[in-house]
Amino acid sequence: MRKLLLLTTVILVGLVFIARLFYLQVYGGYDYNIFEDTAIKPEYTYPKRGYVYDRNGKLLVANQPSYDVMVIPREVEPLDSLELIEFCNLLKITKEDYDKKLERAKNYSPRLPSPFVPQLSKSDYAVLQEKMRKYTGFYIQKRSLRSYQTTIGANVLGDIGEVNRSIIEKQPYYKLGDLIGKQGVEKTYEETLRGIKGIKFIQKDRFNKNIGPYKEGKFDTLPKPGKDITITIDSQLQAYGELLMTNKRGGIVAIEPSSGEILAMVSGPSYNPNLLVGRDRSKNFNKLYRDSIAKPLFDRGLQAMYPPGSPFKTLNALIALQEGVVSTEDRFSCNMGYRYGNRKMGCHAHKSPVNMNIGIYESCNAYFANVYRRIMDKYDSPAEGMDNWSKHIKSFGLGDYLNNDLSVGQPGKVPTAATYDRGYGKNRWYTTFTISNAIGQGEVLATPIQLANMAAAIGNRGYYYTPHIIKNIEGDTIPLKFTTPKYTTIDKKHFEPVVQGMHDVYNKGTAKNLKVNGIDICGKTGTAENFAIIDSVKTQLTDHSIFVAFAPKDNPKIAIAVFIENGYFGSRFAGRMASLMIEYYLRGEITRKDMESFVLRYSLEHEYRKPYSGEPFGINRQTTLEAISEEEYENLLNLKAEIPKS
């Protein structure tokens, strides 16, 4: 009996232990994490980052080898004074830098590798690799850096840089020292371009020496290369646009109306994308970032919100036709402007009375003030009229981010009744309070890409495709949203008279001197008032120059918006640049050498200095012309000659 009791007790105790061990292993334990095993060292293999090509197959971004000095802090053995000096000299750092970098690595993880000195050059690597065996805890890791095969399109292409702790916390895929797209297509298509890292797990013995692959490489993975992409940019057109923008500030956006593909996206001033590659990236980035006057990192084509000026009048004409408040032959008188109450909206001298065609090609403020009032006064209250008007405007993509695939942007601004309710109080404002909206001033703001999209929608007679930068992804398709048309609230039948008015802008209107023989261009000039706060005083500066256009008139191949800060009236700089860009894209050459010479010869840098220098502005806020030297002009012509031909 005792033997049976003892045996039973032993069996029960054994079962309890087995149950407890099972519970601890299966339920009460924790998942084994190979990355937390101190006897295993992970080594990453970085994939080839995808290449970037322009729409014509020209390679824009490739890769170049780079070498990072990595450190595992717990394995670092103390260096004597001579060894430390030698090591610092090889790495081109100071002893203080050495201490800071090692401390930073310890704070990240004493046992995991982290970058100590990233992005060594080939020559530095060649000297260092022979001596790395002397420095325990350090090793060299090979990876790729970007190699820009061009000097243009920095705002389009973007750059890559090291991840920070915030990114690592949000995206565990990245480790300290990894690179990620920071701007442009590098940022937007990061997951497509980066590929997937490979990894090897190295087993270590009790003396911390490598003894070979962990479990014969069972858990190792090979790197998966990133996919190549083709973007919609025409690098020749982009280069020519950047050339025209020399000594000027502003944005140029050109779109293919039939697809929404962005042909050029120029921001001035720009910079060479190669400045943000290699060990000098941080220094160069800080220099660009701290330039708070020229703001080269600020993409004016996508982020700058300006009053759209007179090009906006075309939308008011379309809305008026859709709402049935005017016909194309209704006429309004213009006596150098439009009076309302005791105020007057000025206008330049031209024939009167004015119908829609004349109103567009002469850019008559009085005509569009009358049209705008009719649109608003059709409804029982200004609030109802404003919200209806706002709905029409937004259908052209204004007041919206456009849902594109660009890394930055601004929504612009299209006011609604609520906008004025906040400013004046509900039911305490009238149509005349908002009359500046008639001519694209007032509370309306738009980015150049929105104005280019607006021009594309007019050229298409009522629809547009979401502007986008991606044309093709290796082994994949582009999102459906980029190939699905979006329709405006305006019926197709109403577009023809507005298109004809824009065509007559070139035939007999405000851009008649910008005509390019053999190309039917439809355009609209614009001049927008420009204000800045100087010494706490709101000061009116030189007006902005604006131009939107598309060509040819029927089945347009290009739609464009040009916005030149402090450029004065629309045809002076923006109009010339738009005509040149259109001819360059459609013909591959320039016949209007006179316009090209004007744009290249005259600088606006003196205008941009005036708010800081105290120099007075010109009469009636006109841009005073200042020519560059003959040597500078010849250099620009040489740069044009160097633009590669397809």
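General observations
- Centroid-to-centroid separation of the range 393-448 and the range 184-203 [C-alpha atoms, Å]: 41 Å
- Only Lys, Arg, Asp and Glu carry charge here, each on its Cβ (+1 for the first two, -1 for the last two); on that basis the chain has a dipole of about 1320 debye about its Cα centre.
- Between helix 235-244 and the chain there is an angle of about 60 degrees, using the helix long axis and the longest principal axis of the Cα atoms.
- Here is the tail figure for the range 270-365: Cα pairs spaced more than 15 Å apart come to 73 percent of all pairs.
- Fraction of accessible area attributable to carbon and sulfur, the range 254-403 (%, probe 1.4 Å): 45 percent
- Cβ-placed point charges (K, R +1; D, E -1), dipole of the range 250-293 about Cα centre in debye, nearest 20: 420 debye
- For the range 492-509 versus the range 90-159, the gap between their alpha-carbon centres in whole angstrom: 59 Å
- For a label point 7 Å along the Cα-to-beta-carbon line of residue 322, residues of the range 441-481 with backbone N under 11 Å: 462-463
- For the range 491-560, the carbon plus sulfur part of the accessible surface works out to 44%, probe radius 1.4 Å.
- Within the accessible area of the range 96-143 (1.4 Å probe), percent carbon and sulfur: 47 percent
- Mean accessible surface per residue for the chain, computed with a 1.4 Å probe while every protein chain stays in place, in Å²: 47 Å²
- Ignoring the sites themselves, the chain has its longest run without GluC sites (Glu not before Pro) in a DSSP loop having at most 16 other Cβ atoms within 10 Å at 131-328.
- With the whole protein complex present, residue 328 retains an accessible surface near 50 Å², based on a 1.4 Å probe.
- Value of Rg to Rh for the range 131-198 (Rh from inverse mean 1/r over Cα pairs, i.e. Kirkwood): 1.06
- Here the extension length gained between residue 493 and residue 609 equals 37.0 nm, from 0.36 nm per residue of separation less the Cα-Cα distance.
- √(5λ) per eigenvalue of the Cα gyration tensor, the chain, largest first, Å: 60, 32, 23
The values are calculated or read from the model by the stated rules, or taken from the named source; none is laboratory data. All of these numbers come straight from a predicted model, not from anything done at the bench. Here Cβ is always computed from backbone atoms with ideal geometry, including for glycine, and neighbour counts include all displayed protein chains. Just the protein is used for accessible areas: all its heavy atoms, side chains included, with ligands, DNA and RNA removed. Shrake-Rupley method; radii C 1.70, N 1.55, O 1.52, S 1.80 Å.
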